[in-house]
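What follows is one structure encoded as structure tokens, with my remarks underneath.
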Amino acid sequence: MARVTRFAPSPTGPLHLGHAYAALVAAERGDRFLLRIEDIDQARCRWAYEVAIYQDLGWLGLRWEVPVLHQSARLPLYQAALDRLAAQGLTYHCTCSRGDIRAALSAPQEGAPMIGPDGPIYPGTCRDKGLTEGAVRLNMARAMARLGEVAYLETGTDPGTHRFDAARMSHEIGDVVLARRDIGTSYHLAVVVDDAAQGITEVTRGADLAPATPLHVLLQQLLGLPTPIYHHHRLIRDSQGKRLAKRDDARALAKYRAEGATPADICRMVGL
Ligand code: GLU
């Protein structure tokens, strides 16, 4: 079976060495290599950054299939997936602000609050309120009562079959937001719908996203979508060991290029 991989940047800043590494790993591991522009958060995305993504990847010598998928054009599909989960009774509305959640979590309780893929595990304040507006959250306990377990194969960091039972999913992920009030979807929902739509067989991405993977597999199962293989790769760090963030413009690929670096230099810098 042809291996289909993808690189899925958000056009919210210039690509840096970490992105170059992610794109090169994805392209190298795929018989077919696809590109997806993750631009659901239109307030933060810029067309100029998207153009720069094409320039940088082309300069690195990468070629991808066209047309490129844009998440901003797919909001009705994310809504349909959300409706499907809602119809199964697996979601609820939530009007908590970040401050509300912080306050609820600072109330006396046993142990420190657990941190999930999106921050502190939601304490469930709105779960049984029957609200009809606000953000949409996943009811994790109900979802896991249906599935029992989620499992997936990891071939990158920490390789093997990873299994998560209901207790672990509630403890480590909890009732995450599936649709933000402002954009009507979330990274998690969009990535799951799109990986399936693009026929991705192997998701390659940074190890920082590994904690979200059990959630993605859970959503795939609830939506009747296939689960790809996951290949989380190491993160590229600066000389102080700090993870490169998009704001680190000093390390933008375009800057290295302007200073005369070649694609081979970039490969060397990221250890390829
Ligand atoms: N859009 C995400 C990012 O720029 C990557 C998402 C993914 O690979 O699943 O970090």
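Brief remarks on what is shown
- Amide H within-cut-off set for ALA179, under 5 Å, with H built and near neighbours excluded: VAL136
- Share of carbon and sulfur in the accessible area of the range 136-272 stands at 53%, probe radius 1.4 Å.
- Cα gyration tensor shape of the range 168-272, rounded if a/c is under 1.5, else prolate or oblate by comparing a/b with b/c: prolate
- What a 1.4 Å probe finds exposed on the range 1-87 is 56% carbon and sulfur by accessible area, rounded to a whole percent.
- For TYR122, the residues 5 or more places off, or on other chains, whose built amide H falls under 5 Å of its own are ASP175.
- Using only the C-alpha atoms, the convex hull of the range 121-173 corresponds to 107 Å³ per residue.
- Cα principal axis extents for the range 33-137, largest first, Å: 55, 33, 24
- Rounded to the nearest Hz, the phi-derived 3J(HN,Hα) couplings of the range 24-33 under the Karplus curve 6.51 cos²θ - 1.76 cosθ + 1.60 (θ = phi - 60°) are 5, 5, 4, 5, 5, 8, x, 6, 10, 10, where x marks glycine and proline.
- Listed as lacking a disulfide-compatible partner in the chain: CYS45, CYS96, CYS267, by the criterion of no other cysteine Cβ under 4.7 Å.
- Rounded, prolate or oblate (a/c below 1.5 giving rounded, otherwise prolate when a/b exceeds b/c) for the chain by Cα gyration tensor: prolate
- Ellipticity estimate at 222 nm from DSSP helix runs (n ≥ 4, -39,500 (n - 2.57)) divided over the chain, nearest 500: -10500 deg cm²/dmol
- A straight chain from LYS129 to ASP100 at 0.36 nm per residue would run longer than the Cα-Cα distance by 8.9 nm.
- Diffusion coefficient, µm² s⁻¹, Stokes-Einstein with Kirkwood Rh over alpha-carbon pairs of the range 1-75 at 25 °C and 0.890 mPa s: 195
- Working note: Karplus 6.51/-1.76/1.60 with θ = phi - 60° gives the range 63-68 the couplings 10, 10, 6, 10, x, 6 Hz, where Gly and Pro are set to x.
- Amide H contacts under 5 Å for GLY206: HIS233, restricted to partners 5 or more places along the chain or on a different chain, H placed in the peptide plane at 1.01 Å from N.
- In degrees, nearest ten, helix 47-59 long axis to first principal axis of the chain (Cα): 50
- Heavy atoms of the protein chains alone define the surface here; on that basis the range 90-209 has 49 Å² accessible area per residue at 1.4 Å probe size.
- Contour minus Cα-Cα distance for ARG180 and LEU75 (0.36 nm per residue): 36.6 nm
- Per-residue Karplus couplings for the range 166-180, computed as 6.51 cos²θ - 1.76 cosθ + 1.60 with θ equal to phi - 60°, are listed in order as 4, 5, 5, 5, 5, 6, 9, 10, x, 7, 6, 7, 9, 9, 5 Hz, Gly and Pro entered as x.
- Alpha carbon centroid spacing (whole Å) that separates the range 119-154 from the range 158-207: 12
- Cα gyration tensor, the range 196-237 - rounded (a/c under 1.5), prolate or oblate: oblate
The values are calculated or read from the model by the stated rules, or taken from the named source; none is laboratory data. The shown structure was predicted, so the numbers you read here are calculated from the model rather than taken from an experiment. With ideal geometry, Cβ positions are generated from the backbone for all residues, glycine too; neighbour counts draw on all protein chains shown. In case anyone asks, the SASA skips ligands and DNA or RNA and just uses the protein heavy atoms, side chains included. Shrake-Rupley method; radii C 1.70, N 1.55, O 1.52, S 1.80 Å.
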